[in-house]
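What follows is a single structure, written as structure tokens, with notes after it.
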Amino acid sequence: MSDEKTAHGNNDNELLNEDQVMNESSEKIEVDATGNNDDRLEQLEKQVVELNDKYVRSQAEMQNLHRRHQDEQKKTREYAISSFAKELVAVKDYLEMALKDETGNFEMLKMGVDLTLKQLVQVFEGQKITEVTPKAGDKLDPHKHQAMNTVESEGQEPNTIISVMQKGYVLHDRVLRPAMVTVAK
């Protein structure tokens with residue numbers, strides 16, 4: 001029986017807590033019934049106006065951020081190669097100077113073209129452009145090589161490179177131009 005009283009006693013405490021909650025709620029209702037409803041309504045209306053203003057401002061800020069981000073991306077795309085372009089301008093200048101040379105000195109012309117090629121190689125290295133130069137006997141890599149023709153070749157396995165017709169180039173890990181090769185059947 002003592003267990004029943006304890007359990008019943010706990011239920012009485014729970015009921016008292018629920019009754020207290022009900023009394024507190026009714027007191028709030030009574031306070032509101034005394035005329036504070038108008039004040040409360042005004043407060044809520046002000047709060048709605050403030051929240052609406054904050055919402056509109058945050059939406060405008062998000063649109064501005066989005067627009068600025070798009071503008072920045074556009075500028076980045078347009079000017080991403082500006083350093084590369086500046087370096088290529090120097091190479092073009094050297095080539096034009098070589099063509100303007102009217103001395104007829106073939107050795108000087110050859111030396112000027114060699115210096116221009118060295119300058120271009122430096123530009124490529126700076127921009128992480130590397131050559132794809134397969135050797136005879138290498139396996140054909142369809143990601144870096146383009147088979148221009150196939151020929152019968154004794155002593156070489158099928159799909160191996162026989163000769164390179166034109167070098168390929170890679171920018172970082174992306175192929176700019178595959179190496180053009182002749183492949184064994």
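Every number in this text was worked out from the coordinates using simple rules, so none of it is lab data. All of these numbers come straight from a predicted model, not from anything done at the bench. Here the Cβ is made from the backbone with ideal geometry for all residues, glycine too, and neighbour counts use every protein chain on show.
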Rounded to whole Hz, the Karplus (6.51, -1.76, 1.60) HN-Hα couplings of segment 61-73, x for glycine and proline = 5, 5, 5, 5, 4, 4, 5, 4, 5, 5, 4, 5, 5
Residues ASN105 and ASP173, FRET efficiency given R0 of 41 Å [Cβ-Cβ distance, rounded to 0.05] | 0.40
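Compute, for segment 40-115, the length of the dipole vector about the Cα centre, with Cβ point charges of +1 (Lys, Arg) and -1 (Asp, Glu) only. Units Debye, rounded to 20. If you can, show how the numbers build up before the last one.
Working: 13 positive and 15 negative charges, 102 e Å.
Taking the Cα centre of segment 40-115 as origin, the dipole is about 500 debye.
For segment 128-185, give the magnitude of the charge dipole about the Cα centre (Cβ charges: +1 Lys/Arg, -1 Asp/Glu; no others), in debye to the nearest 20. It would help to have the intermediate numbers written out before the result.
On the way: 8 positive and 7 negative charges, 64 e Å.
That gives a dipole near 300 debye.
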What residues of segment 123-146 lie in the reach of a label at GLN156, counting those whose backbone N is under 17 Å from a point 7 Å from the Cα along Cα→Cβ?
-> 133-142, 144-146
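How do LEU88, LEU41 rank when sorted from fewest to most other Cβ atoms within 10 Å of their own Cβ? Walk me through the numbers before you get to the answer.
Working: LEU88 15, LEU41 10.
Placing the least packed residue first, the sequence is LEU41, LEU88.
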For labels at LEU117 and MET180 in the simple 7 Å Cα→Cβ model, what's the distance in nm?
-> 1.9 nm
Hz values of 3J(HN,Hα) by residue in segment 44-54 - Karplus curve (6.51, -1.76, 1.60), Gly and Pro given as x | 5, 5, 4, 5, 5, 5, 5, 5, 5, 4, 4
With θ set to phi - 60° and the Karplus curve 6.51 cos²θ - 1.76 cosθ + 1.60, what are the ³J(HN,Hα) couplings of segment 131-139 in order, to the nearest whole Hz, using x for Gly and Pro?
-> 7, 10, 10, x, 9, 4, x, 5, 6
Taking placed amide H atoms and a strict 5 Å upper bound, the residues 5 or more places from ILE162 or on another chain that come that close are GLY137, THR182, VAL183, ALA184
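For THR76 and GLU42 in the same chain, what is the full-extension length gain: residue separation times 0.36 nm, less their Cα-Cα distance, in nm? Before the final figure, lay out the partial values.
Values: separation 34, 0.36 × 34 = 12.24 nm, distance 5.06 nm.
Stretched fully, the THR76-GLU42 segment lengthens by 7.2 nm.
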